[in-house]
Amino acid sequence: MAVLVLYATVEGHSRKVATHIAEHLEDRRYVALLGDVREPGFTVPGTFDAVFICAPVHLGRYPEPIARFIEDWKDALVLVPTGFVSISLSIQSDNPEERAAARTFPEKLSRRTGFYPSHVHHAAGALKYLEYDYFKRLLMRQIAGKEGGPVDASRDYEFTDWDALNGFVDDVIAEIRG
Ligand SMILES: Cc1cc2nc3c(=O)[nH]c(=O)nc-3n(C[C@H](O)[C@H](O)[C@H](O)COP(=O)(O)O)c2cc1C
């Protein structure tokens, strides 16, 4: 069984999420192919038994290549189990309205592309204060402060629940076997 694991990323965390999924699949004896949706030339999604797509939210949207990839390949994607992983910080906000808003991002993408993945998972992302430039650090500190997140910018933070992600991957591949 072969599974395609795709991602787009701005600061690298979605690549880490996708790599974790690929490694978990390999632990389960699947062949996993990992790829950046922006890199042309990877194998056609329709030739895989399942496809995962990992996408981060930046300023309320997923990176544009995610929507373009789904629009281009939706006829093939609809034929196999698909796991969409939405990576955001607001999904773990103290503010219930922010959390509810984070839950609407995949649906908005689906309305645009016309494609509804068979499984959707929300993963909390990372705050990479040490990697942001001055203005991004200021902005992210402000947002984190409003949402009950950490404001000590002298270190990075990673909020992803890896066990919950493994459970999600297992649910998607159970559909292949089913
Ligand atoms: C400039 C910027 C804007 C962001 N905008 C949002 C946002 O609108 N909503 C949200 O929930 N998270 C937002 N985030 C948090 C990212 O989703 C989170 O840091 C994620 O881990 C980034 O993934 P990446 O490293 O793959 O790009 C933002 C992060 C940055 C740096």
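The values are calculated or read from the model by the stated rules, or taken from the named source; none is laboratory data. Predicted, not measured: the structure shown is a model, and the values here were computed from it. Quick reminder, even Gly has a Cβ in these numbers, built from the backbone with ideal geometry, and neighbours come from all protein chains shown.
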Considering every residue within the stretch 75-93, establish whether at least one is within 16 Å of the ligand (Cβ to nearest atom), assigned by TED's automatic domain parsing to the domain that holds residue 37 and more than 15 Å from the chain's Cα centre (by Cα). yes
Residue 139: passes all of (1) more than 15 Å from residue 58 (Cβ to Cβ); (2) surrounded by fewer than 15 Cβ atoms within 10 Å (Cβ to Cβ) but (1)
Selection status of residue 168, within 30 Å of residue 71 (Cα to Cα), touching a strand residue (DSSP E or B) at 6+ places or on another chain (Cβ under 6 Å), modelled with pLDDT of 95 or more and within 13 Å of the ligand (Cβ to nearest atom): no
Search the stretch 80-103 for residues that are closer than 13 Å to residue 147 by Cα and pair each with any residue that is at pLDDT 95 or above and aromatic (Phe, Trp, Tyr) when their beta-carbon atoms are under 8 Å apart and the residues are at least 6 apart or on different chains. 88/105; 89/159; 92/159
Sole exception among (1) touching a Phe, Trp or Tyr at 6+ places or on another chain (Cβ under 8 Å); (2) under 30 Å from residue 153 (Cβ atoms) for residue 16, by number: (1)
Consider residue 109 carefully, then state whether it is more than 11 Å from the ligand (Cβ to nearest atom), among the hydrophobic types (A, V, I, L, M, F, W, C) and exposed (fewer than 12 other Cβ atoms within 10 Å of the Cβ). no
Those residues that are more than 9 Å from the ligand (Cβ to nearest atom), part of a helix (DSSP H, G or I) and not basic (Lys, Arg), I need them from the stretch 94-105; list them, please. 96, 97, 100, 104
Just to check your reading of the model, which residue among 68, 141, 112, 137 is in a helix (DSSP H, G or I), in contact with a helix residue (DSSP H, G or I) (Cβ under 7 Å, 6 or more places away or on another chain) and either without any contact (Cβ under 8 Å) to a residue 12 or more places away in the chain or over 21 Å from residue 25 (Cα atoms) (or both)? 112
Specify which of the listed residues (66, 21) is crowded, with 23+ Cβ neighbours inside 10 Å and under 19 Å from residue 166 (Cα atoms). 21
Count, please, the residues in the stretch 51-71 that happen to be basic (Lys, Arg) and under 12 Å from residue 38 (Cα atoms). 1
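Evaluate the following for residue 38: is it more than 15 Å from residue 168 (Cβ to Cβ), of a type in the set (D, E, K, R), near the ligand (Cβ under 9 Å from one of its atoms) and surrounded by fewer than 24 Cβ atoms within 10 Å (Cβ to Cβ)?
Here the answer is no, as residue 38 does not meet what is asked.
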Restricting the stretch 117-134 to residues that are part of a strand (DSSP E or B) and more than 9 Å from the ligand (Cβ to nearest atom), which is surrounded by the most Cβ atoms within 10 Å (Cβ to Cβ)? 121
